[in-house]
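The values are calculated or read from the model by the stated rules, or taken from the named source; none is laboratory data. Worth saying up front: this structure is predicted, and the values here are computed from it rather than measured. Ideal geometry is used to build each Cβ from the backbone, glycine not excepted, and the neighbour counts take in all protein chains shown. For the accessible areas, the whole protein counts, side chains as well, though only heavy atoms, and no ligand, DNA or RNA atoms are used. Shrake-Rupley method; radii C 1.70, N 1.55, O 1.52, S 1.80 Å.
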Amino acid sequence: MRYHYDKDTVYIRGTFRAASTGIDGGLKNITTILNHTVPKDFSHNKPENVINEILDQKGYGTDAFGLLTAVQMQNLCILQYDYITVFVTAGVSNPNPDPAKPHTINIIVTSDESMSDAAILETIMTATEAKAHALRDLERDFTGTTSDAVVVAAVLESEPKPKHVYAGTLTDAGRRVYTAVRKGVAASLDRHEGRVLRSGPSYFIFSRYGGEHWVEWQKKGCPYYPCHFKGQACDFCYCPFYPCCDSDLGEYVDSSSGGKVWACTNCLLLHKPEVAAYLKKHPEATLDELKAQQN
């Protein structure tokens, strides 16, 4: 799974089995998911045409799911919890503002591990429960808005049996989805409603270092810079290729919690300014392309 965004849209690319409750939704195999910002006075009797126009401009084809929102992409929150990544844009008030007239909360959940169709559909329930919990935490008197949508996408693997058969809150996958969505809805609302100001999308990672907690990575004022070398690029502090499984860049090591984990501590590829600049310009570049950009 790879993602990138511009001023108005976040694009998520991969080979997925997915379900959507949004525009032209359903359950099918797809390669693209997008969430696009439209004007607050947006009115279109065929919103699917808006999605298709964006896909056509990018050359992505129609095997896709798309969502629309009035929330600005700078208020997008991206949360990574191991193999689960969640994308949230949340707005619950109109321009007045009037909390009694809630607007759209869009949630996209992706899994880097395969899921059965039942688990994909159950993830929609788990995400919705977490959204309601986040709104209750914020003392809102509603559990959602009239136009909320959820997309859930799990990678397609060659193995006939999916890794996750269920995704309720007591399962390994469901627990991660619930935790990430609950955090993401609150964080996106904080940004949309002006309690937290950011110039671009916010990225959170679930850390176990020093106890389990969420960490928001911010390039500006990072206390660890430079963590590799002076003049390094930090645009991709959390690698979009992880785990790349490229033996030139890392290796599997024993995990403290059992099993194996991909370790890329010594990989400097995306910290090289020329490589980072190339990836920003070509967000779907392959690892081989990036390796070729090294001075």
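Please go through (1) in a loop (DSSP other than H, G, I, E, B); (2) of a type in the set (K, R); (3) open to solvent by 80 Å² or more (accessible area, probe 1.4 Å) for R182 and return the number of the only condition it doesn't satisfy.
Just one mismatch for R182, condition (1).
Here are some residues: I205, I124. Which one is of a type outside the set (F, W, Y), in contact with a strand residue (DSSP E or B) (Cβ under 6 Å, 6 or more places away or on another chain) and farther than 21 Å from I105 by Cβ?
One residue alone meets the criteria, I205.
When you go through (1) over 23 Å from H192 (Cα atoms); (2) at pLDDT 95 or above; (3) of a type in the set (S, T, N, Q) one by one for S158, which number turns out not to apply?
Failing condition for S158: (2).
When you go through A187, A285 one by one, which is the residue that is without any contact (Cβ under 8 Å) to a residue 60 or more places away in the chain and of a type in the set (G, A, S)? Give the steps one after another, and end with the answer.
Numbers: A187 fails: without any contact (Cβ under 8 Å) to a residue 60 or more places away in the chain.
Going through A187, A285 in turn, the sole match is A285.
Any idea which of T104, T89, T69 is without any contact (Cβ under 8 Å) to a residue 40 or more places away in the chain, open to solvent by less than 30 Å² (accessible area, probe 1.4 Å) and of a type outside the set (A, V, I, L, M)?
On the way: T104 fails: without any contact (Cβ under 8 Å) to a residue 40 or more places away in the chain; T89 fails: without any contact (Cβ under 8 Å) to a residue 40 or more places away in the chain.
It is T69.
Suppose we filter region 191-226 for residues that are part of a loop (DSSP other than H, G, I, E, B), surrounded by 14 or more Cβ atoms within 10 Å (Cβ to Cβ) and aliphatic (A, V, I, L, M); how many remain?
1
Taking F229 as the residue in question, decide whether it is free of Cβ contacts under 8 Å to residues at least 60 places away in the same chain and exposed (fewer than 13 other Cβ atoms within 10 Å of the Cβ). Show your work before the answer.
Working: free of Cβ contacts under 8 Å to residues at least 60 places away in the same chain: yes; exposed (fewer than 13 other Cβ atoms within 10 Å of the Cβ): yes.
Criteria met by F229.
Limited to region 1-55, what total is found for residues that are under 18 Å from the mean Cα position of the chain (by Cα), surrounded by 18 or more Cβ atoms within 10 Å (Cβ to Cβ) and more than 19 Å from T110 (Cβ to Cβ)?
1
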